[in-house]
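The values are calculated or read from the model by the stated rules, or taken from the named source; none is laboratory data. Please read all numbers here as calculations on a predicted model, not as lab measurements. Note: ideal-geometry Cβ built from the backbone for every residue, glycine included; neighbour counts use all protein chains shown. With ligands, DNA and RNA removed, areas are computed over all heavy atoms of the protein, side chains included. Shrake-Rupley method; radii C 1.70, N 1.55, O 1.52, S 1.80 Å.
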Amino acid sequence: MTRKKPGDTRIKEIIQAAVEEFLEKGYNGASMNSIAARAGLSKGGLYHHFSGKDEILMAANDEFSRPVHDLVQRTAVLDNPVEALTLYIREYLHHWSTHEKELAFTFLTMTKIISCREMWPQMEDYSTSILAFYESLFKKGIEKGLLRHHDTAARALTLMAALDGITAYLVLGRTFPLEKTVERFLVTYISDIEIT
């Protein structure tokens, strides 16, 4: 008789099994049967925890997005917005450059979300919140006299697009000199508007 594992442990095992299946076979090629088998569960055991592939996909995406959400929380509370932006850009680029599998899975999730209109609100919620976070840091920098007046909404949008763009570059298997890239981002998004 096998011992029951704690719920959190079992969920993590299911997510890991699902990620391997999705990355190996694609979303459409993976099945609840194959995920269950890889996780060492019966199909019924898998359905006890998840209602289907979409729910597992989103749970895995939430798990892999947690470090970025934590980074947002850590930097949002910093008093100096220039330091917050610097820390965020540096750690964001470092995180994704060292988590290739998680990044590939995140892009797989994005393709599923794009193809499924019912999931669009989740992408919109994320985009809206991250844009608001970036813009709040730029506005705070202006208010504190650290940054010159500029179009904070446009700068937030282009920062999001640039960071997403560099992650797409990584998914394609390309590498870049991390520190040089970080410095380029810092010059473009901070130094060029910083009051010294």
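Kindly provide the helix-only [θ] at 222 nm of the chain, computed as the sum of -39,500 (n - 2.57) over DSSP H runs of four or more divided by all residues, to the nearest 500 deg cm²/dmol? Taken over the chain, the calculation gives -26000 deg cm²/dmol. In this simple spin-label approximation, GLU13 and PHE107 carry label points 7 Å from Cα along the Cα→Cβ vector, and these lie 3.2 nm apart. If R0 is taken as 35 Å, the Cβ-Cβ distance between TYR47 and GLN122 corresponds to a FRET efficiency of 0.95. Relative to the current alpha-carbon distance between SER115 and GLU100, full extension at 0.36 nm per residue lengthens the span by 3.1 nm.
Among ALA161, ALA39, ALA59, which one shows the highest mean-square fluctuation when the chain is modelled as a Gaussian network with alpha-carbon springs under 10 Å? Greatest mean-square fluctuation among the candidates belongs to ALA161.
A simple spin-label model places the labels of LEU157 and LEU87 2.9 nm from each other, with each point 7 Å out along Cα-to-Cβ. Springs join every pair of Cα atoms under 10 Å in this Gaussian network model of the chain, and among THR86, THR167, THR128 the largest mean-square fluctuation is at THR128.
Close amide-amide hydrogen proximity is noted between LEU147 and ILE142, ILE195, each under 5 Å apart and 5 or more residues distant or on a separate chain (H modeled in the peptide plane; Pro and chain starts excluded). Entry comment: accessible area of the chain is 56 Å² per residue, from protein heavy atoms only and a probe of 1.4 Å. In the elastic network of the chain, a GNM with C-alpha springs shorter than 10 Å, the most mobile of PRO67, PRO121, PRO177 is PRO177. Taking the charge dipole of the chain about its Cα centre, with +1 at Lys and Arg Cβ atoms and -1 at Asp and Glu Cβ atoms, the residue from ALA162, HIS49, LEU137 reaching farthest to the positive side is HIS49.
The charge dipole of the chain, taken about its Cα centre with unit charges on the Cβ of Lys, Arg, Asp and Glu (plus for the first two, minus for the last two), comes to roughly 560 debye. Taking the stretch 171-192 and a reference point 7 angstrom along Cα→Cβ of HIS150, the backbone N atoms nearer than 15 Å belong to 183-192. The phi-based Karplus calculation (6.51 cos²θ - 1.76 cosθ + 1.60; θ = phi - 60°) puts the 3J(HN,Hα) values of the stretch 124-141 at 5, 4, 4, 4, 4, 5, 6, 5, 5, 4, 4, 5, 4, 5, 5, 5, 4, x Hz, whole numbers, x for Gly and Pro.
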